[in-house]
Structures are given as C-alpha cells and as structure tokens.
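K.L.:
Before we start, here is the structure in question, set down as structure tokens.
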Amino acid sequence: AFWAYSAVLFKHQTEFFDVNVVNETRNQTYRRLAKLYGALGASGPGTHQSDEEKLYELLVVGEKAGEGGALNIGNKVTDDLKLLIKLGRQTGIHVSPTVLWDGLVDNSISSSWTVEQWDKYFEEKLHK
C-alpha cells in the first residue's frame, strides 16, 4: 500500500501545493489526502471508506486541548515523526530531501529533480 499511495501522491502533488491549500483548514487537507488513500482500496474490494477513515483518524488534529492543557497537540503520527526527525538530526541530516545510499549521505540529490533524473539516479545505483 505504501508504494501505491506514494505513486498517487506524486501524481496529485500539485493539488497540495500552497496555492491549492491556502484557503482550507489543515484537517480539510488531511481529509483530501485520506480520500486519495481510500480510493486505492488498499485493503481489498469494498474497503475504500474504511481505509479513508483509518488514515484520516491518524492525521486529524483534535479540537480540544491535550493533556495538561497542551494546545499544540499534533496528531497520531506526530510522535513518530518527531522521533525520526531527531534520529536524522543526530546523524547530521538537517534538510529535506536528504538521501542516504548504503548508509551514506548523497548530496547530489535535489528537491527539484524530475522523474527522469530520479530514474537515471536509480538506474546508475542499481546497475553498478
């Protein structure tokens, strides 16, 4: 499901660029992302709605204060992301995208790369 959803996200990425989300709430954007996942039917036939709801439940930000009155509560993936970000920072990764190949940072990667550039990169790396 990860790769299939990633492909869908890349295909629809411009729908989530700044000018296309500026007038919607964060949760509205999350709902649209969940709909894309639900449309995959990743869990099998007839599961579109439940897949969409499962992802939305992970992404949605609640409207009530958290424990101890916390207002910056994040969502159900926030803690996992924080852990991965901390791990990256401890290993010298401070920008996105940072690509590691065989455990080494490859600074030749750019966020502006086209599909063709990524294809060439992987072709060269995988056929050495």
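K.L.:
Using the Cα centre of the chain as the reference point, and only Cβ charges (+1 on K/R, -1 on D/E), how large is the resulting charge dipole? Debye, rounded to the nearest 20.
P.N.:
Here the chain has a charge dipole of around 180 debye.
K.L.:
Per residue of the stretch 55-71, in order, report the coupling 6.51 cos²θ - 1.76 cosθ + 1.60 (Karplus, θ = phi - 60°) as ³J(HN,Hα) in whole Hz, putting x for Gly and Pro.
P.N.:
Using θ = phi - 60°, the values come out as 5, 4, 4, 6, 8, 4, 9, x, 9, 10, 4, x, 4, x, x, 4, 9 Hz.
K.L.:
With a cut-off of at most 14 other beta carbons within 10 Å, and DSSP calling the residue loop, which GluC sites (Glu not before Pro) in the stretch 26-128 qualify? Please list them.
P.N.:
Glu63
K.L.:
A further question on this structure: Along Cα→Cβ, 7 Å out, is where each label goes; now give me the distance between the ones at Val19 and Ser112 in nm to one decimal.
P.N.:
Placing both labels 7 Å along Cα→Cβ, they lie 1.8 nm apart.
K.L.:
Follow-up question, since we're still on this one. Each residue of the stretch 113-128 in turn: what ³J(HN,Hα) in whole Hz from Karplus with 6.51, -1.76, 1.60 and θ = phi - 60°, glycine and Pro shown as x?
P.N.:
Computed from phi, the couplings for the stretch 113-128 are 4, 8, 4, 4, 5, 5, 4, 4, 4, 5, 4, 5, 5, 7, 10, 7 Hz.
K.L.:
Principal axis extents for the stretch 77-128, Cα atoms only, whole Å, descending order, please.
P.N.:
Sorted largest first, the three principal extents are 35, 21, 17 Å.
K.L.:
Mind listing which trypsin sites (Lys or Arg not before Pro) in the stretch 1-108 are in a DSSP loop and have 11 or fewer other Cβ atoms within 10 Å?
P.N.:
In loop regions of the stretch 1-108 (DSSP not H, G, I, E or B), the sparsely surrounded trypsin sites (Lys or Arg not before Pro) are Lys64.
K.L.:
Using helices alone, I'd like the mean residue ellipticity at 222 nm for the chain: each DSSP H run of four-plus residues gives -39500 (n - 2.57), total over residue count, nearest 500.
P.N.:
The helix contribution divided over the chain gives -15500 deg cm²/dmol.
K.L.:
Answer rounded, prolate or oblate for the chain, using the Cα gyration tensor with square roots of eigenvalues a ≥ b ≥ c: rounded when a/c is under 1.5, else prolate when a/b is larger than b/c, else oblate.
P.N.:
Oblate, since a/c reaches 1.5 and b/c is not below a/b.
K.L.:
Further question on the same structure: Within the chain, how many Lys pairs sit with Cα atoms under 18 Å apart, leaving out pairs fewer than 8 places apart on the same chain?
P.N.:
Taking the chain as the scope, the lysine pair count is 7.
K.L.:
What spacing in nm lies between the two simple spin-label points modelled at Leu100 and Lys86, each 7 Å away from Cα in the Cβ direction?
P.N.:
Between Leu100 and Lys86, the label points sit 1.7 nm apart.
K.L.:
Against the longest alpha carbon principal axis of the chain, how many degrees, from 0 to 90 and to the nearest 10, is the axis of helix 26-40 turned?
P.N.:
So the inclination is approximately 70 degrees.
All of the numbers you see were taken from the coordinates with simple rules; none came from a lab. From a predicted model like this one, the values you see are computed outputs, not experimental measurements. Cβ: placed from backbone, ideal geometry, glycine included. Neighbour counts: every protein chain shown.
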